[in-house]
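The values are calculated or read from the model by the stated rules, or taken from the named source; none is laboratory data. Only a predicted model underlies this, so the values are computations on that prediction, with no experimental measurement involved. Positions of Cβ are backbone-derived with ideal geometry, glycine not excepted, and every protein chain shown enters the neighbour counts. Side chains included, ligands, DNA and RNA excluded: accessible areas come from the protein's heavy atoms. Shrake-Rupley method; radii C 1.70, N 1.55, O 1.52, S 1.80 Å.
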Amino acid sequence: MSLALAARSTLIAPSATLAMGAEAKRLKAQGLEVLDFALGEPDFATPPNIEAAAIRAMRAGQTHYTPPAGIPELRQAVAALYTQQHGLSTDPAQVVISNGAKHSIHNALMAVCGPGDEVIIPAPYWVSYSDLVKLTGATPVVIPTTEDHGFKLSPERFLKAVTPRTRLLMLNSPSNPTGVVYDRIELSALAEAVLQTEVGVLSDEIYEQLTFGDAQPTCFATLHPALAERTITISGVSKTYAMTGWRIGWAVAPAPVAKFMGDLQSQETSNPCSISQWAALEAITGPQDSVAMMKAEFQKRRDYVLERIERLPGVTCPPPGGAFYAFLNVSAHLNRTLGGTVVSDSTAFCRAALSQARVALVMGSAFGAEGYVRLSFATDLRTLERGFDALERFLHESVVRAPL
Ligand code: PMP
Ligand code: GLU
């Protein structure tokens, strides 16, 4: 008799971003050259002061269990960050340190959603949102937004989607995958709409420090004094400090929600890695010059990417205001024959681009937006240049290779 899987096993698919990243790595390991724009992770090394803090922590014996919600020093530092930099009066008891922002999102959803509940997710959305909602037993209610409306959710559409079962609205600005940054006025209008309802907000602000030009990040919970008690803010060190592998994220939540999230962690993971927590403490309290350096480099790449997209036949892209993704509208190419196969959707487009141009992208359908593909520009300019050369040839159908 084979061991039967629980019904919940049908609710989730593997993360498409991680799957595409793994596929690109697999091909590279076979000796193929792949121009890899699949995964959203900074290609920079973790800054040396942060690495040094981790080594110091190990040498000082910080290699044991910590409190489940994180070491007091880090919870205190995160609370101070929100209080001082964002003007959001935050008590350390409201801060829960986790094994990455993804973990915080999961635990936040576990804290407030369950069977029968609905969670509003504007699309395009980051791949994990809908599956993490489903895992709690709640239903994701996806509201498509369009490029014409800047991929932004309007207060009217939010209010129309609210039912007596709606528990949460999930927001992500700067956005993965579109790079869209809501401005303060737009977010305030959404905040006012939220306050007309009983709905809470999960605001994923992981790309808050990565904005370009005039775009400014906004901490949603600061928009109205009544929001703090119904908003869960998510962020972490993965993107800002090139620390994806260290696995440290956090949630700032109303105290009872934070208490439950800590208790949940005590049962599921005990605590986030002790050494990584000390490294994260250095990241947010130590010198910030490496952040400015990485941001300037991302800005250069973004400008280069936009210049090259202009030259891609039949492709458009709303200029990203933040994060490190370009969301390419490739709908003009759907149902064309590219590299010998008919490209009927964004998955087929990505498959053909990988097999013919050796360019790894992520299909828009994984983000709830068919007709688009996501390109991560968290990679060096030389690779971007070669990738766009290959994409240009691919779209002009001058690449014909044997399929992989
Ligand atoms: N939210 C968004 C929008 C992301 O793009 C990511 C990327 N991984 C995460 C959350 C999760 O971050 P972490 O690596 O800290 O889990
Ligand atoms: N957030 C990154 C991305 O969207 C990393 C992958 C993941 O965490 O799923 O590519």
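The requirement of being closer than 26 Å to P225 by Cβ and in a loop (DSSP other than H, G, I, E, B) is satisfied by A69.
Within region 109-137, being surrounded by 22 or more Cβ atoms within 10 Å (Cβ to Cβ) and within 16 Å of ligand 2 (Cβ to nearest atom) holds for L109, I121, P124, Y125, W126, V127, Y129, S130, L132, V133.
Return a yes/no flag: does region 184-192 have any residue that is farther than 18 Å from R230 by Cβ and open to solvent by less than 20 Å² (accessible area, probe 1.4 Å). No; the residues of region 184-192 include none that is farther than 18 Å from R230 by Cβ and open to solvent by less than 20 Å² (accessible area, probe 1.4 Å).
Evaluation of A52 against the conditions (1) in contact (Cβ under 8 Å) with a residue 12 or more places away in the chain; (2) open to solvent by 50 Å² or more (accessible area, probe 1.4 Å) shows that the sole unmet condition is (2). For region 209-248, the set of residues classified as assigned to a loop (DSSP other than H, G, I, E, B), open to solvent by less than 30 Å² (accessible area, probe 1.4 Å) and within 16 Å of ligand 2 (Cβ to nearest atom) consists of L210, V237, S238, T240, Y241, A242, M243, I248, listed by residue number. Tell me, which residue of region 138-161 that is open to solvent by less than 40 Å² (accessible area, probe 1.4 Å) and farther than 17 Å from F367 by Cα is farthest from ligand 2 (Cβ to nearest atom)? Result: P155.
From the set of residues in region 309-330 that are buried (at least 18 other Cβ atoms within 10 Å of the Cβ) and either farther than 25 Å from A215 by Cα or among the basic types (K, R) (or both), which is nearest to ligand 1 (Cβ to nearest atom)? Here the answer is V330.
Which members of region 1-23 meet the condition of being within 16 Å of ligand 1 (Cβ to nearest atom), surrounded by 14 or more Cβ atoms within 10 Å (Cβ to Cβ) and touching a residue at least 40 places away in the same chain (Cβ under 8 Å)? Passing the criteria: S15, A16, T17, M20, G21. For region 24-73: of the residues being of a type in the set (V, I, T) and more than 16 Å from ligand 1 (Cβ to nearest atom), which is nearest to F327 (Cα to Cα)? Among them, the one singled out is V34. Going by the structure shown, is L395 at pLDDT 95 or above, under 16 Å from L334 (Cβ atoms) and out of contact with any Asp or Glu (no Cβ under 7 Å at 6 or more places or on another chain)? Taking the combined requirement at face value, the residue does not satisfy it. The number of residues in region 89-101 being assigned to a helix (DSSP H, G or I) and either of a type in the set (V, I, T) or surrounded by fewer than 21 Cβ atoms within 10 Å (Cβ to Cβ) (or both) comes to 2.
How about region 332-399: which strands (runs of 3 or more DSSP E) wholly inside it have at least 2 residues that are open to solvent by less than 30 Å² (accessible area, probe 1.4 Å) and closer than 19 Å to R302 by Cβ? Explain how you work it out, then say what you get.
Numbers: elements: 336-338, 341-343, 372-376.
Result: 372-376.
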